[in-house]
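Reading through the C-alpha cells given below for one structure.
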Amino acid sequence: MNGEARLLAPLVPTRGYFPDFLTPAEGLLGLADALAALRETPAERLHTELSRLSTAARPLPSWIRAMADGETRALGRLATILQGYYEAAVAPHWARIQGRIEADRAARGRALLDGGADRLLASLPPMMRWRPPVLEADYPVDRDLHLNGRGLLLLPSYFCRRTPVTFHNPDLTPVLVYPVEHPAPRLTPHVPSERCLGRLVGKTRSAILQGVGVGCTTSELARRADVSLASASQHATVLRDAGLLTTLRQGNAVLHTLTPLGAALLRGARPAEDAAYERLA
C-alpha cells in the first residue's frame, strides 16, 4: 500500500492547488458514492483540472497524464488507490475522526440555535472572522469568493490544518472546508480502557451519559442528571477518558457530545422502541 499511496502525492501536494474533482459533492453520502462519482468525471474536466498541476519543474507521472487524456483505466486505478488508502489509513481511526466531527457540528448547531447565522459564523475557528456581511479567512492565496445568493456549505474536516480550503472553480457549489479543533494531548497518565469502563458502573454515570443528548454544557448536564456542577464535571471526565464523550471548549464553557462508541453503548442500553423513536425524531 505504501508504494501506491505515494502515487497520490502529485495529485495532492502539501501546498497549493489540488484538483476539485477529487472531492465530489457525493462524498457527503459516503465513500462508495464519492468513488462512483469520481469514476464518472468527464474527460474535459479531468484534462482542465489536471493540467493545472503540471509544471516544467514537476511534470506529471505517465499514469496521471493518461488520466488527463481521458484514459478510463487510469481513472479506475485512482479510485482503487483511494479506496485502499482509506482502508489502511482512515478506517482504523474512523471512530475518533467521527467523534471530533460530531462535536464540531454540535457546537455550530448550538450557536445557530442560540443566535442564528450571525452567531454560527462568529463561532467558527479563529482563522475565520465574521465581519458582516463578509466572512474573512486565512487562506494560502489572496482570493474573493462571491456567493451571489447561492449560500455557503460549511464542512468541518479532521484533516484540514491551519487554513480553510475551497474549490478552485468558482462556478461549483460554494463550500468552505475548515479545520476542527484538535485538543492538546492530556498530561494525565494513560488509564487502560478496561479500568475506565469498570468505573462507569452506577446510576449517576448512566444518567450523565443519557443526559448529554445531542450536546450540552457541564451546567446543563448537572441540571439534567440532578447532580452538582463538580459532580457532573467529574463524571464527564471519566466518560471522556473511557472514550464515550468528546469535550469541545466554547468560550468560557465546554460542550460535551457523545462519541460513536458512547452512542452505541447508549443505544444498547435502551429498549428497541426508544431507539426507533430517536431515529424518527
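The values are calculated or read from the model by the stated rules, or taken from the named source; none is laboratory data. It should be emphasised that the depicted structure is a prediction, and the values quoted were computed from it without experimental measurement. Don't worry about glycine lacking a Cβ; one is built from the backbone with ideal geometry, like all the others, and counts go over all protein chains shown. For accessibility, only protein heavy atoms count, side chains too; no ligands or nucleic acids. Shrake-Rupley method; radii C 1.70, N 1.55, O 1.52, S 1.80 Å.
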Among residues of the stretch 75-113 being within 17 Å of residue 30 (Cβ to Cβ) and in contact with a strand residue (DSSP E or B) (Cβ under 6 Å, 6 or more places away or on another chain), the residue modelled with the lowest pLDDT is 102
Scan the stretch 226-260 residue by residue and report those that are among the charged types (D, E, K, R) and more than 18 Å from residue 183 (Cα to Cα).
226
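So is residue 44 in a helix (DSSP H, G or I) and modelled with pLDDT of 85 or more or not? Full working, then the answer.
On the way: in a helix (DSSP H, G or I): yes; modelled with pLDDT of 85 or more: yes.
The answer is yes for residue 44.
Just to be sure, is residue 22 open to solvent by 60 Å² or more (accessible area, probe 1.4 Å), within 27 Å of residue 154 (Cβ to Cβ) and of a type in the set (A, V, I, L, M, F, W, C)?
Details: open to solvent by 60 Å² or more (accessible area, probe 1.4 Å): no; within 27 Å of residue 154 (Cβ to Cβ): yes; of a type in the set (A, V, I, L, M, F, W, C): yes.
Criteria not met by residue 22.
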Quick one: how many residues across the stretch 56-104 are open to solvent by less than 70 Å² (accessible area, probe 1.4 Å) and outside any helix (DSSP H, G or I)?
4
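Hey, could you check the stretch 105-117 for residues that are charged (D, E, K, R) and open to solvent by less than 90 Å² (accessible area, probe 1.4 Å) and say which is farthest from residue 155 (Cα to Cα)? Steps first, please.
Here is the first cut: in the stretch 105-117, the residues charged (D, E, K, R) are 105, 108, 110, 114.
Now narrow it down to the ones that are open to solvent by less than 90 Å² (accessible area, probe 1.4 Å): 108, 110.
Details: 108: 11, 110: 16 Å.
Filtering first and then ranking leaves 110.
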Residue pairs within 7 Å by beta carbon, gap of at least six or interchain, first lying in the stretch 29-49 and surrounded by 12 or more Cβ atoms within 10 Å (Cβ to Cβ), second part of a helix (DSSP H, G or I) and of a type in the set (Phe, Trp, Tyr), listed first then second, are 31/86; 38/21; 41/21; 45/21; 46/21; 49/21
So is residue 17 under 30 Å from residue 257 (Cα atoms) and either at pLDDT 90 or above or out of contact with any strand residue (DSSP E or B) (no Cβ under 7 Å at 6 or more places or on another chain) (or both) or not?
no
Test residue 107 against the stated conditions and say whether it is in contact (Cβ under 8 Å) with a residue 40 or more places away in the chain and not in a loop (DSSP other than H, G, I, E, B).
yes
Only one of 174, 179, 140, 126 is open to solvent by 80 Å² or more (accessible area, probe 1.4 Å), under 24 Å from the mean Cα position of the chain (by Cα) and at pLDDT 90 or above; which?
126
The stretch 117-160, residues that are among the basic types (Lys, Arg), part of a strand (DSSP E or B) and under 23 Å from residue 27 (Cβ atoms)
none
If you take the residues of the stretch 161-171 that are within 22 Å of residue 50 (Cβ to Cβ), in a loop (DSSP other than H, G, I, E, B) and not polar (S, T, N, Q), which of them is most open to solvent (accessible area, probe 1.4 Å)?
171
